[in-house]
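Notes follow the structure.
The values are calculated or read from the model by the stated rules, or taken from the named source; none is laboratory data. None of the values given here were measured: they were computed from a predicted structure. In this analysis, Cβ positions are derived from the backbone assuming ideal geometry, glycine residues included, and neighbour counts consider all displayed protein chains. For the accessible areas, the whole protein counts, side chains as well, though only heavy atoms, and no ligand, DNA or RNA atoms are used. Shrake-Rupley method; radii C 1.70, N 1.55, O 1.52, S 1.80 Å.
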Amino acid sequence: LNFLQSHPQRLGLHETYEKLGILSSIDVDVVLPYCLRLAQVTGLNADSLMNLDMDDFVEDHPLSGRPCLRYWKERSIGENEYHLDLFQAKLTWLTRGQSEEVRNIFKKVIELTEKIRPYVPTEFKNKLFIYQSTGRKIFGKVVPLANVDGKAFGEALKRFVDRHKLKDDSGKP
């Protein structure tokens, strides 16, 4: 309340809640950091990340008994399911700690989106990354991140970079 008293300008309801640290909606800006962290941990591309389902993290793969992440990747020959072993992958940068991080990300995203999940269209109920739209045309509608076109995803990333003043090694956004 001290912030609101010291900043008497009129804020909208969403901005007021945000300043108080309360999530008034689970919009793309809330979900995006989890998606980006998962990209950092796994190396998956945007399309594979946005299309993950809630059950794509498997604690014990039936063949290996190890945790793995199932994901889809579009290839020129069509869609195929791939398994990314998060315990003893051929890729040396995937460690036991990273598999724990993936598990935690899935858990947090599922918990975060639990209250809006009943409102997502049936065909997208199992998508991991869903959010409430703040766009004018579909304001408040719950949609999967996978439905965001490349332009909208790029704009969301740009907002995220600007908001958090993120810079690359050369100091550019």
Counting only residues 5 or more apart in sequence or on a different chain, those whose built amide H sits under 5 Å from that of Ile130 are Leu145
In nanometres, the difference between 0.36 nm per residue of separation and the alpha-carbon distance of Met54 and Lys108 is 18.3 nm
Beyond 28 Å (Cα-Cα) in this structure, taken from Lys127/Lys158; Lys108/Lys158; Lys108/Lys141; Lys115/Lys165, we find Lys115/Lys165
Given backbone amide H placed at 1.01 Å from N, residues whose amide H is under 5 Å from that of Tyr71, ignoring those fewer than 5 places away on the same chain, are Tyr82, Leu84
With R₀ set to 35 angstrom, the calculated FRET efficiency between the beta-carbons of His164 and His61, to the nearest 0.05, is 0.50
Expected field for Glu155, accessible surface area in Å² at 1.4 Å probe radius, rounded to 10, holds 90 Å²
